[in-house]
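**Student:** Take this structure first; my questions come after.
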Amino acid sequence: MKGHGAHLAIDAVSHAYRRGGELAIAEVSLEIEPGESVALVGRSGCGKSTLLHIACGLMKPTRGQVLVDGARVTAPSPEWVMMFQAPSLYPWMTVAQNVGLGLRFAGRRRETPARVAEMLALVELEAFAQRNVQDLSGGQQQRVALARSLALEPEVLLLDEPFSALDAFTRHSLQRDVRRIAKARSITLVFVTHDINEAVTMADRAVVMAANPGRISEIVAIDVDGERAASSPSFGLARERLVAAYERTTGLEMGDAAGAGLSTRRAGTPSTQSGPAPASAIRTPGAANGAASGRMTP
């Protein structure tokens, strides 16, 4: 691997989906240091995914620009790889063939066998190399998609709620693994989440976005000691700070719902529970209604 992440600069980005229409996001500026992990959190519709799509070059902003190490982002690239909420794995291919797909698209066939073996070992799937992907569990398919993304040696990895459809144990394991891999390989990580605990587990900073139009409201430093165990005092304090920022931004109050996720409610109201992509835009499974610990709902 290249061993260094990229500096990502979002410079006064605004976007409207129709000419002359209302802005989905407005004047968003953010700098992310090489190797840093940043979470984008906020209510549905506040522009988190829009901002992520612009950051990876899948959309052009109405105004402003995104720079990776000073170079303007105008299209997807193997240097900045996006993982979406669906895996887009080829079901008739083996695990190894899917992991090597991006390398083939990039014209790097000679190095494919060695790179695939390295990536499968990294995500602990080396024993499944010749298995058909449709025989794997959802968590294993996520690992295949992650290995395919990492095989390209990206400097920036962007994720749009890729773990939201998984069971709690698998989701927690992948959260820790992605952070560990990104830190070990100095990959700059930017991800969208509705899950407070996921943000605290994976991020160095959490960017809380307000809606109508989408904009940055607060940025919360995530200072957690050691392995980021949810039972640790520093994890609890970071979580409290992020919940408070979310409540200030949205006007919603958040409370635990039987330990299986956060519900949200307005003050004074009862609490309620609430085809294959290009190699540089790789999709992973997800859904918006997973029962995530610390999950925020509108």
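The values are calculated or read from the model by the stated rules, or taken from the named source; none is laboratory data. Quick caveat: nothing in here was measured; it's all calculated off a predicted structure. Don't worry about glycine lacking a Cβ; one is built from the backbone with ideal geometry, like all the others, and counts go over all protein chains shown. Accessible surface areas use protein heavy atoms only, side chains included; no ligands, DNA or RNA. Shrake-Rupley method; radii C 1.70, N 1.55, O 1.52, S 1.80 Å.
**Student:** Of all residues in region 110-136 being among the basic types (Lys, Arg) and surrounded by fewer than 20 Cβ atoms within 10 Å (Cβ to Cβ), which is nearest to residue 80 (Cα to Cα)? Give the steps one after another, and end with the answer.
**Tutor:** From region 110-136, those among the basic types (Lys, Arg) are 110, 115, 131; that's our starting set.
Now narrow it down to the ones that are surrounded by fewer than 20 Cβ atoms within 10 Å (Cβ to Cβ): 110, 131.
Details: 110: 22, 131: 28 Å.
Taking the candidates together, the pick is 110.
**Student:** Considering each residue of region 137-151, count those that are surrounded by 19 or more Cβ atoms within 10 Å (Cβ to Cβ) and at pLDDT 90 or above, and give that number. Explain how you work it out, then say what you get.
**Tutor:** Kept after step one, since they are surrounded by 19 or more Cβ atoms within 10 Å (Cβ to Cβ), are these residues of region 137-151: 141-151.
Checking which are at pLDDT 90 or above leaves us with 141, 143-151.
Of the residues in region 137-151, 10 are surrounded by 19 or more Cβ atoms within 10 Å (Cβ to Cβ) and at pLDDT 90 or above.
**Student:** Select, from 200, 190, the only residue that is under 20 Å from residue 57 (Cα atoms) and crowded, with 23+ Cβ neighbours inside 10 Å.
**Tutor:** Numbers: 200 fails: under 20 Å from residue 57 (Cα atoms).
From the options 200, 190, the qualifying one is 190.
**Student:** Same structure again: Please work out which residue is most open to solvent (accessible area, probe 1.4 Å), limiting yourself to region 215-236 and to residues that are among the charged types (D, E, K, R) and not in a strand (DSSP E or B). Step through it out loud before you land on a result.
**Tutor:** Residues of region 215-236 that are among the charged types (D, E, K, R), as a first pass: 215, 218, 223, 225, 227-228.
Cutting the leftovers down to not in a strand (DSSP E or B) gives us 223, 225, 227-228.
Values: 223: 103, 225: 111, 227: 150, 228: 16 Å².
Going through the qualifying residues, I end up with 227.
**Student:** Pull up region 240-254, narrow it to residues that are β-branched (Val, Ile, Thr) and under 12 Å from residue 43 (Cα atoms), then point me to the one that is modelled with the lowest pLDDT. Show your work before the answer.
**Tutor:** At the first step, the residues of region 240-254 found to be β-branched (Val, Ile, Thr) are 243, 249-250.
Subset that is under 12 Å from residue 43 (Cα atoms): 249-250.
Values: 249: 96, 250: 91.
Among residues in region 240-254 that are β-branched (Val, Ile, Thr) and under 12 Å from residue 43 (Cα atoms), the one modelled with the lowest pLDDT is 250.
**Student:** If we scan region 9-30, do we find a residue that is closer than 18 Å to residue 199 by Cβ, of a type in the set (Lys, Arg) and either open to solvent by 20 Å² or more (accessible area, probe 1.4 Å) or more than 14 Å from the chain's Cα centre (by Cα) (or both)?
**Tutor:** The answer is no; no qualifying residue exists.
**Student:** Got a sec? Which of 84, 105 is closer than 28 Å to residue 133 by Cα and open to solvent by 20 Å² or more (accessible area, probe 1.4 Å)?
**Tutor:** Numbers: 84 fails: open to solvent by 20 Å² or more (accessible area, probe 1.4 Å).
Of 84, 105, the one residue that is closer than 28 Å to residue 133 by Cα and open to solvent by 20 Å² or more (accessible area, probe 1.4 Å) is 105.
**Student:** How about region 64-81: which of its residues are assigned to a loop (DSSP other than H, G, I, E, B), open to solvent by 20 Å² or more (accessible area, probe 1.4 Å) and among the hydrophobic types (A, V, I, L, M, F, W, C)?
**Tutor:** Residues of region 64-81 assigned to a loop (DSSP other than H, G, I, E, B): 69-70, 73-76, 78-79.
Still in the list and also open to solvent by 20 Å² or more (accessible area, probe 1.4 Å): 69-70, 74-76, 78-79.
Listed by number, the list holds a single entry, 75.
**Student:** Among residues belonging to region 181-204 that are charged (D, E, K, R) and closer than 14 Å to residue 239 by Cβ, point out the one that is modelled with the highest pLDDT.
**Tutor:** Looking only at region 181-204, we keep the residues that are charged (D, E, K, R), and these are 183, 185, 195, 198, 204.
Remaining after also requiring closer than 14 Å to residue 239 by Cβ: 195, 198.
Values: 195: 92, 198: 95.
Result: 198.
**Student:** Can you tell me which residue in region 87-100 is nearest to residue 159 (Cα to Cα), limited to those that are open to solvent by 30 Å² or more (accessible area, probe 1.4 Å) and out of contact with any strand residue (DSSP E or B) (no Cβ under 9 Å at 6 or more places or on another chain)?
**Tutor:** It comes out as 90.
**Student:** Is one or more of the residues making up region 45-58 among the basic types (Lys, Arg) and open to solvent by 30 Å² or more (accessible area, probe 1.4 Å)? Reasoning before the result, please.
**Tutor:** Within region 45-58, the first condition is being among the basic types (Lys, Arg), and the residues that meet it are 48.
Retained after the next criterion (residues that are open to solvent by 30 Å² or more (accessible area, probe 1.4 Å)): none.
No - not one qualifying residue is present in region 45-58.
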